[in-house]
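Notes for the one structure printed next.
The values are calculated or read from the model by the stated rules, or taken from the named source; none is laboratory data. Remember, predicted model here, so these are calculated numbers, not experimental data. Note that we place each Cβ from the backbone using ideal geometry, even for glycine, and neighbour counts take in every protein chain shown. For the accessible areas, the whole protein counts, side chains as well, though only heavy atoms, and no ligand, DNA or RNA atoms are used. Shrake-Rupley method; radii C 1.70, N 1.55, O 1.52, S 1.80 Å.
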Amino acid sequence: MAVLSFVEIFEGKIKKASVEAAYYGSKVAAQLGTDSVAVVLGAASAEELATLGTVGVKKVLHANDARFNNFDSKAFSKAVGEAVNAAGANVVVLSFNQNGKLLAPRLSVRLKAGYVPGAVELPEFNGATATAKKNVFSGKATAHYQLNTEKKVIAVNPNSLSPVRGTGTAAVEAFATTLTDADFSTVVKGADLIVGEIPLSEAELVVSAGRGLKGPENWGMIEELAKLLGAATACSRAVADVDWRPHHEHVGQTGLTIRPNLYIAVGISGAIQHLAGVNGSKVIVVINTDPEAPFFKAADYGIVGDAFQIVPQLIAEIKKLKAAH
Amino acid sequence: MKILVPIAKVPDTTSKIAFTDNNTKFSPDGVTFIMNPTDEWYALVRAIELKEKQGGEVVVIHVGLADSEQIIRKALAIGADKAVRVDADPTDAYFVAAQIAAHAKTENYDLIIAGKETIDYNSYEVGGMIAELLDLPCVALVQKLDIENGVATIKREIEGGTETVEAKLPLVICAQKELAEARIPNMKGIMGARTKPLTVVPADATEKLTTVVNYSLPEKAKECKYVQPDNVAELVRLLHEEAKAI
């Protein structure tokens, strides 16, 4: 028996979302009194993989095979399925990130395993049954998913639990899959990464703005505030649709769903479609001239006031705070 | 080119969410149901655009009961050629995916385009499950899709950017924003939809892998703590000392 976490590498480093998944996997292994094992597909250094020991992983199965350097959902499903057998795993944990959202349902079918898409807490085990919570209806309710199958797949929502690092070192073992070239079906032609910015889906702090800013030329103060905080910038659908801001910044029901520790919304009314993308944020600050803006109902802290006066003051006060600490 | 588009029925975003039977069932009282937005706006419209350019056929498939007819007719009005309804309550994603895969096995589709997620369960499941059941390649979070000589060129979202991928057909795509511009059905489409074929088929028996045992609603709405606009320093203090967010 074991718990197997699927760990991804990006530019030689373990993805933050995968560290969370491995930590979650170790916690589940502790609940079950079994070992936490990770599987890594593609090139990675043994030193980097050994650091998974700090989040409780005992052993890493490493398929150091260049064909896995790019994500191919069909090939990855087969390879992780083989790792499940090799590890004797009955629980598989992945991040509910871009690749995990596709790989996990494939694994659920492959392993005939019940699946929790986007667990927000550790599961509860009762005999052979596991129950885990996930957000549904765009965060307006929580559902309790029960898995009765022998094998179980859990994809953990990013930013759901903060890994606590210990001192362990994971043993890295070479892992050979049976995949042939015919198992690979997608070819990556290139990537277009937004350089110099924090990826919104991984950001812990986010500064977001909407139509209240009146025009794209006024985003300077939003970017300055974000830079000062080490935050990513985001926007409402309305401003992405009129090209004031790039589409990849759009958060909301049809854009990205994010769960940062802090979400500062400037000049966004907080329509339900926008809230659907951000209501998992731990702390929400709303700055809006309209005291009736629905966003205040979802906010932890609010200022009814003009963004053009509030944001510069906020920048000045945060600078003071940074200087004092 | 033969394209299959699975469509789901979901509560409108603005619906009040409530549960009955000791919080074990979603309450449809007073809820307006719509076609799942990513299915309608992106998956279906891109499928129709590809057909318009290259010829072929767009089939929509829906797993649901007779009361889903309205959304199926809407898909036909937007431009799908025909529809299949699997006559069963869509209890869970695996059940739905198994029905769609069973249909697809008999029809040799070149392309299956699903929406990335439904707005009720937000689970991102059905497309990937169909692909695994059919042993097909699948690319998700797709923002751009072009087909030439049986090869798809796809732009998909990755952390912090996008990636361009090529794959041969047949293939499963999970669509998201930017893949297409939503279309509003015109009068000709609405009239034509009435006579387009809608086939109703029985469901295949499928085992259940996952069960939703019950639901819960947030205990109470958040209490917003207001800070005066002339006291921004207080907001920074609260964020630092109380919320420990900065």
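What does the helix-only formula give at 222 nm for chain B: each DSSP H stretch with n ≥ 4 adding -39500 (n - 2.57), the total divided by the residues, and the result rounded to the nearest 500 deg cm²/dmol? Before the final figure, lay out each step's value.
On the way: 6 runs with 55 residues, N = 246.
That comes out to -6500 deg cm²/dmol.
No solvent, one uniform scatterer per C-alpha: report log10 I(q)/I(0) for the protein assembly as shown via the Debye equation at q = 0.11, 0.12, 0.13 1/Å, two decimals.
Rounded to two decimals, the profile gives -1.04, -1.24, -1.42.
Report, to the nearest 10°, how far helix A:73-87 tilts away from the longest principal axis of the Cα atoms in chain A, using its own Cα long axis and a range of 0 to 90°.
Once rounded, one gets 50 degrees.
I want to verify the translational diffusion coefficient of the range B:82-217 in µm²/s; compute it with Stokes-Einstein, Rh as the Kirkwood radius over Cα pairs, at 20 °C and 1.002 mPa s.
This corresponds to a translational diffusion coefficient of 127 µm²/s.
Can you pull the mean other chain C-beta count within 10 Å for peptide B:160-172?
6
If contacts are Cα pairs under 8 angstrom and at least 6 residues apart, what is the relative contact order of the range A:200-324 in percent? Please report the intermediate quantities before stating the final value.
Working: 251 pairs, mean separation 30.1, N = 125.
Averaging sequence separation for qualifying contacts and normalising by length gives 24 percent for the range A:200-324.
Regarding the range B:45-99, what are the three Cα extents along the principal axes, ordered largest first, in Å?
So the three principal-axis extents are 36, 22, 13 Å.
Using a 1.4 angstrom probe, figure out how much accessible area the protein assembly as shown has per residue, in square angstrom, rounded to the nearest whole.
Per-residue value: 41 Å².
For the range A:1-110, run through the GluC sites (Glu not before Pro) and keep only the ones in DSSP coil with at most 16 other Cβ atoms within 10 Å of their Cβ.
Those that pass, being in a loop and sparsely packed, are A:11.
Could you give log10 I(q)/I(0) at q = 0.09 Å⁻¹ for chain A, computed by the Debye formula over C-alpha point scatterers of equal weight, without solvent?
Those come out to -0.52, one per q.
Summarise the partner chain shielding of A:287-295 as one whole number: the mean count of Cβ atoms from other chains within 10 Å of each residue's Cβ. Could you put the intermediate results ahead of the total?
Numbers: counts 4, 0, 1, 0, 1, 0, 0, 0, 1.
Average per residue, whole number: 1.
Percent antiparallel among DSSP beta bridges with both residues in the range A:200-324, to the nearest 5?
Antiparallel bridges: around 0 percent, rounded to the nearest 5.
Return P(r) of chain B (all Cα-Cα pairs; 5 Å bins starting at 0; whole %; ordered from short to long distances).
Histogramming chain B at 5 Å steps yields 1, 6, 12, 16, 17, 13, 10, 8, 6, 4, 4, 3, 1, 0 percent.
Take every DSSP beta bridge with both residues inside the range A:2-58 and express the antiparallel ones as a percent of the total, to the nearest 5.
So the antiparallel bridges in the range A:2-58 amount to around 25 percent.
Exactly which trypsin sites (Lys or Arg not before Pro) in the range A:194-258 are in a DSSP loop and have at most 12 other Cβ atoms within 10 Å?
Those that pass, being in a loop and sparsely packed, are A:214.
With a 1.4 Å probe and all protein chains left in place, how much of the accessible area of the protein assembly as shown comes from carbon and sulfur atoms, in whole percent? Display every interim value, and only then the final one.
Values: 11660 of 23190 Å².
Carbon and sulfur together cover 50 percent of it.
Based on the alpha-carbon gyration tensor of the range A:200-324 and its eigenvalue square roots a ≥ b ≥ c, which shape applies: rounded if a/c is under 1.5, prolate if not and a/b is larger than b/c, or oblate?
rounded
Among rounded, prolate and oblate, which fits the range A:29-75 when a ≥ b ≥ c are the square roots of the eigenvalues of its C-alpha gyration tensor, a/c under 1.5 means rounded, and a/b larger than b/c means prolate?
Oblate shape, in that a/c is at least 1.5 and b/c is the bigger or equal ratio.
Return P(r) of the range A:133-285 (all Cα-Cα pairs; 5 Å bins starting at 0; whole %; ordered from short to long distances).
2, 7, 14, 16, 15, 12, 12, 10, 7, 4, 2, 0
Taking Cα centroids, how far is the range B:66-102 from the range A:1-50 in Å?
Cα centres, the range B:66-102 to the range A:1-50: 38 Å.
Evaluate the charge dipole of the range A:2-183 about its Cα centre and quote only its size in Debye, nearest 20, assuming +1 on the Cβ of each Lys and Arg and -1 on the Cβ of each Asp and Glu. Kindly include the intermediate steps, with their values, before the conclusion.
Values: 19 positive and 15 negative charges, 118 e Å.
Magnitude of the dipole: close to 560 debye.
Indicate the gyration tensor shape class of the range A:155-213 (rounded, prolate or oblate), computed on the Cα atoms with a ≥ b ≥ c the square roots of the eigenvalues: a/c under 1.5 is rounded; otherwise a/b larger than b/c is prolate and the rest oblate.
Since a/c reaches 1.5 but b/c is at least a/b, the shape of the range A:155-213 is classed as oblate.
Work from the charge dipole of the protein assembly as shown (Cβ charges, +1 for Lys and Arg, -1 for Asp and Glu, about the Cα centre) and give the residue of A:170, A:102, A:90 farthest towards its positive end.
After comparing all options, I get A:90.
Just to be sure I understand: of the beta bridges DSSP finds with both ends in the protein assembly as shown, what percent are antiparallel, rounded to 5?
Working: 45 of 122 bridges.
The antiparallel proportion sits near 35 percent.
Quick one: dipole size for chain A, taken about the Cα centre, charges +1 on Lys/Arg Cβ and -1 on Asp/Glu Cβ, in debye to the nearest 20.
Here chain A has a charge dipole of around 660 debye.
Taking the Cα centre of the range A:200-324 as origin, sum charge times position over the Cβ atoms of Lys and Arg (+1) and Asp and Glu (-1), and report the length of that vector in debye to the nearest 20.
Approximately 240 debye in magnitude.
Counting only residues 5 or more places away or on other chains, whose amide H sits under 5 Å from the amide H of residue B:25 once H atoms are built in the peptide plane?
Distant-sequence amide H within range of residue B:25: B:20.
Take every Cα pair under 8 Å in the range B:2-217 that's 6+ residues apart, average their separations, divide by the length, and report that relative contact order as a whole percent.
This gives 28 percent for the range B:2-217.
Let me check against my output: what whole-number percent is the relative contact order of chain A, with C-alpha pairs under 8 Å and at least 6 apart? Can you show the working numbers first?
Details: 712 pairs, mean separation 46.1, N = 325.
Across chain A, relative contact order equals 14 percent.
Please compare each pair in A:101/A:189; A:152/B:25; B:51/B:188; A:214/B:116; B:9/B:51 to a cut-off of 29 Å on the Cα-Cα distance and tell me which ones are over it.
Values: A:101/A:189 22 Å; A:152/B:25 24 Å; B:51/B:188 18 Å; A:214/B:116 32 Å; B:9/B:51 24 Å.
As for pairs spanning more than 29 Å Cα to Cα, those are A:214/B:116.
Please work out the C-alpha center-to-center distance from the range A:135-181 to the range B:1-47 and express it in whole Å.
If you average the Cα positions of each part, the centres end up 27 Å apart.
Tell me the Kirkwood hydrodynamic radius of the range A:2-183 in angstroms, computed as one over the mean inverse distance between distinct C-alpha pairs.
Result for the range A:2-183 stands at 16.0 Å.
Sorted by mean Cβ packing within 10 Å, highest first, what order do the peptides B:128-134, B:187-193, A:170-176, B:160-166 take?
Packing proxy ranking, top to bottom: B:128-134, B:160-166, A:170-176, B:187-193.
Work out the mean other chain Cβ neighbour count within 10 Å for the residues of B:137-145 and drop it here as an integer.
Neighbouring Cβ atoms belonging to other protein chains average 4 per residue here.
With a cap of 10 neighbouring Cβ atoms within 10 Å, and only residues DSSP puts in a loop, list the trypsin sites (Lys or Arg not before Pro) found in the range B:208-246.
Numbers: sites: B:208, B:220, B:222, B:225, B:237, B:244; in loops: B:208, B:220, B:222, B:244.
Answer in residue order: B:220.
What lysines could a cross-link reach from residue A:322, if we take a straight Cα to Cα line under 19 Å and drop same-chain neighbours fewer than 8 places away?
A:227, B:244
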